[in-house]
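Chemist: Pasting a structure here, questions to come.
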């Protein structure tokens, strides 16, 4: 009976160790996936920040105004300043 108790406790201990290893492996895979996702989002954020800078440049604004809105720069002789 004593031997059975020792084997039983040893089996439960081994099962617990095996379950912990499985959980550690699963957690490691999940951490790896999350780290990859973070890197992808960082790269996307960096791209979007550069796109914002590009779109804010005067040259890009001018080009978009000409292409999308058909706006052109007004010649200086056509500018009239109104006074109060």
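Where a number appears in this text, it was derived from the coordinates with a stated rule and is not lab data. Quick caveat: nothing in here was measured; it's all calculated off a predicted structure. Backbone-built Cβ (ideal geometry, glycine too); neighbour counts: all protein chains shown.
Chemist: Determine the pairs where a residue that is without any contact (Cβ under 8 Å) to a residue 24 or more places away in the chain, located within segment 54-78, has a partner that is loosely packed, with under 11 Cβ neighbours inside 10 Å and not in a helix (DSSP H, G or I) with Cβ atoms under 7 Å apart, the partner being 6 or more residues away or on another chain.
Modeler: From residues that are without any contact (Cβ under 8 Å) to a residue 24 or more places away in the chain, the pairs are 66/72.
Chemist: Still on this model: Just to check your reading of the model, which residue among 71, 50, 82 is surrounded by 10 or more Cβ atoms within 10 Å (Cβ to Cβ) and part of a loop (DSSP other than H, G, I, E, B)?
Modeler: Residue meeting the stated conditions: 71.
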